[in-house]
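Structure first, then comments.
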Amino acid sequence: MRLRLTKGAILAGLLASSGAALACADVGCDPNWSLFGGAQACHNRVVIAPGNDSRVNLLALLRDSAGLGLTGAVTGGGDYPKPEYDEEGFGHTFLDWGMVTRTWVPELDPNAAATAEVTNGPCDWFRSGAPDFAAALGANRALPAAERSTLTAAREKMVARCSDSTLPEVLPGIAVNSAPGKAFLGYLAASDAFYADRYADAAKAYAALTGAPDPWVAETARYMVARAELRLALAKSIDQYGFFDGLKSVDKAAAQRGRTALADYLKAWPKGRYAESARGLERRAMWLTGDFAALGERYESLLAAMPTDGEALVGLINEADGKYLSTSDNPNPRGGGLLLLAAADLTAMRVANPDDRYDMGGGESPLGADVLASQQASFLRAPQLYAFLQANHAFYVAKDYARVLQLIPDDAKRPSYTPLAFSRQVLRGQALAAKGDPNEAGFWLELLGGAKALWQRPTVELGLAMNWERHGRLGAVFAPGSPITDRMIRDILMTHSAGPALLRRLALDVANPQEQRDTALFTLLYKQLSRGDYAGFRANQSLVRADAPTDGLWGFAPGTTAPLGLFAKGRTAQAGFACPALLGTVATLAANPRDIHARLCLGEFWRLNNFDGFTTLDTAPSKGLLGGAANDFPGRPLARGAIYAGVIADPRSTPGDRAYALYRAVNCYGPSGYNSCGGDDVDKPVRKGWYDRLKREFPKSPWAQKLKYYW
């Protein structure tokens, strides 16, 4: 592949949003299950908030200004887009840029408009222009037929050579004599330079053709002068590895010449064949010349005039975000019109998430209150939006929750909500929660009535569920007729907060969907077995349905299929160490929890069914997240390594059991040297001691003979 294709791909990347990577669910994302929207993350909320992808905020603000909801209605009755919710654990509470845009166009690649140049490289463009070139040749009556054939064949060979530079050069030796023939040949020579990345030569050659006798050549050449200059402006800013070095390395003189050439073209051909493209390139020229003031004004006017859904809007928002809002090259992203200003203000209010141990913050001071105050005149026509921005600052930056309540009156009884109206009310609910207001739960219940758009109701359910969990009302979440119906919310509370009595009730409740009943029973049985409630496990194991699945333990998480069948059909023994079925082992442990052989058999069940390291149900979320405020299940989880340590130290153990415990204890560290059995790590000298003891005390044991190393 020739270098020019790489440059074309890089140029496409420059059109893409810089925030796309963080907005995309398919890179893998573990949402923080709370309403906190102050920190940048790989997921978004339907609530307009500082931490959202700025594209989502910009879209929501734009559609709100038109009196519309965030999403379209193309997906068939308002369904949530697939397959993300089946794969990523977003529930119906979180979203990304692609999910929002696919509510209009289900098959739309959310970055397609920004990355079209990667798929359709320069040589593809050259090829696609063949019909126009042929039409121009045919329209010129002064062009001899023989020259028309010669020029057509030459262009076809040039297209082939564009993709394969080993082919011979085309133009040397081609001769035409007519004036129009020479103009078309000059155009091909200029294009040969352009597609060979010799942009300075191309610009000069195209400029020489702007007065050509053929009208198509004259117009196309003037347009191509601009394109060549803009390509030249970028050429030195892309290194050999394909990295863009920022606007500081752009050839500003070439960029300005390109901008002037575009103005010249549009003055000469305001309705020309390339006029729409030229106006789009004007934005690129503004960007390359660093004229962000003009660029912001242009984006604002285009957004206001753009249809409020569809691929064109997605492409424009991608471009505005990547070129204006989310680029470090722009010294003042708050210099645009109302929409861009509001989106930039929100981004500037980002703060660290106190409930995310991985979020260290962005390292920059958030937007100052004085800066926001200075913008009041800009929002005279949008007082509610300005109050919303002030309230976000009060909540996330100043932590003045009383101020939030002053700025956003209670309006929780509407029949429906636009994006901004809904965002205002959710922020009010967050302030009520932060203040510990006793009316918080009632507020969420009232807000549920109008939360009808996609993602809105689950968001309100999350606020209500967190309130009930914090106040010891977990049972209300699962009571008959509960307003909390979102599966992910219920699953998170089942797997992290619910106690044995509630889990059993949920497993038996035929009004619950089967997958939720399975999750409740899997959680109950896992926690009873891992925490030593053997009698409880025996009483509930019979509830496992005959066709319960056994696969998917390591893919199990709230919202997915529970491998419930493991507790009925899981492996229990290997050759050389006899164990009964799991229920037999559990029955022995229920009668005597210290039974040595039964404990080893429980360890076998754990090992053979890959429960080592499975902590999904043992690792509680942070206290500020859903599932982190309550833990009604007693006891600590099982560590298989602790079983072996106990058996090794127990003088009651038989030689066969002690030998097996020593063998397994050593193998907990093999072959990596890291503990795979849980519990406290032991030093290598201790592991060597186990190995030596097995070899010394039980030399004829099959386990001593089988073990060749320690780690």
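Considering only region 252-269, state which residues are small (Gly, Ala, Ser) and buried (at least 16 other Cβ atoms within 10 Å of the Cβ). The answer is ALA254, ALA255, GLY258, ALA261. Within region 228-281, the set of residues being hydroxyl-bearing (Ser, Thr, Tyr), part of a helix (DSSP H, G or I) and without any contact (Cβ under 8 Å) to a residue 40 or more places away in the chain comprises SER249, THR260. Please list, ordered by first then second residue, the pairs with beta carbon atoms under 8 Å, 6 or more apart or interchain, first in region 554-572 and more than 20 Å from CYS29 (Cβ to Cβ), second β-branched (Val, Ile, Thr) and surrounded by 17 or more Cβ atoms within 10 Å (Cβ to Cβ). That search, which allows pairs on different chains as well, returns ALA562/THR519; ALA562/THR523; LEU564/VAL544; GLY565/VAL544; PHE567/VAL544; ALA568/VAL544; THR572/THR585. Quick check on region 288-311: of everything there that is in a helix (DSSP H, G or I) and either closer than 19 Å to ASP53 by Cα or touching a Cys at 6+ places or on another chain (Cβ under 8 Å) (or both), which residue is modelled with the lowest pLDDT? If we take residues in region 288-311 being in a helix (DSSP H, G or I) and either closer than 19 Å to ASP53 by Cα or touching a Cys at 6+ places or on another chain (Cβ under 8 Å) (or both), then GLU311 is modelled with the lowest pLDDT. Taken over region 661-694, the criterion of being among the polar types (S, T, N, Q) and part of a helix (DSSP H, G or I) is satisfied by ASN667 alone. Among residues belonging to region 372-404 that are within 16 Å of ASN57 (Cβ to Cβ) and among the small types (Gly, Ala, Ser), point out the one that is surrounded by the fewest Cβ atoms within 10 Å (Cβ to Cβ). Among them, the one singled out is ALA382.
Matching residues to (1) over 17 Å from TYR195 (Cβ atoms); (2) outside the structural domain of ALA212 (by TED's automatic domain parsing); (3) assigned to a helix (DSSP H, G or I); (4) modelled with pLDDT of 95 or more:
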{"position": "PHE133", "(1), (2), (3), (4)": "no, no, yes, yes"}
{"position": "GLY138", "(1), (2), (3), (4)": "yes, no, yes, yes"}
{"position": "ARG141", "(1), (2), (3), (4)": "yes, no, no, yes"}
{"position": "SER149", "(1), (2), (3), (4)": "yes, no, yes, yes"}
{"position": "THR152", "(1), (2), (3), (4)": "yes, no, yes, yes"}
{"position": "ARG155", "(1), (2), (3), (4)": "no, no, yes, yes"}
{"position": "CYS162", "(1), (2), (3), (4)": "no, no, yes, no"}
{"position": "LEU167", "(1), (2), (3), (4)": "no, no, no, no"}
{"position": "GLY173", "(1), (2), (3), (4)": "yes, no, no, no"}
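Entry remark, region 405-433: residues being surrounded by fewer than 22 Cβ atoms within 10 Å (Cβ to Cβ), of a type in the set (A, V, I, L, M) and under 21 Å from PHE94 (Cα atoms) number 3 in total.
Restricting attention to region 89-112, the residues that are acidic (Asp, Glu) and at pLDDT 75 or above add up to 1. For region 570-617: of the residues being more than 16 Å from LEU638 (Cα to Cα) and aliphatic (A, V, I, L, M), which is farthest from the chain's Cα centre (by Cα)? Only one residue fits best here, namely ALA591.
The set of residues in region 534-562 that are among the acidic types (Asp, Glu) and touching a Pro at 6+ places or on another chain (Cβ under 7 Å) contains only ASP551.
Listed here are the helices (runs of 4 or more DSSP H) enclosed by region 469-537 that have at least 3 residues being free of Cβ contacts under 8 Å to residues at least 60 places away in the same chain and over 33 Å from the mean Cα position of the chain (by Cα): 500-508. Given the criteria of a type in the set (Gly, Ala, Ser), over 25 Å from GLY69 (Cβ atoms), in contact (Cβ under 8 Å) with a residue 12 or more places away in the chain and loosely packed, with under 15 Cβ neighbours inside 10 Å, does ALA369 qualify? Against the criterion (of a type in the set (Gly, Ala, Ser), over 25 Å from GLY69 (Cβ atoms), in contact (Cβ under 8 Å) with a residue 12 or more places away in the chain and loosely packed, with under 15 Cβ neighbours inside 10 Å), ALA369 qualifies.
The values are calculated or read from the model by the stated rules, or taken from the named source; none is laboratory data. Since the model is a prediction, treat every value here as computed from it, not as a measurement. Note: ideal-geometry Cβ built from the backbone for every residue, glycine included; neighbour counts use all protein chains shown.
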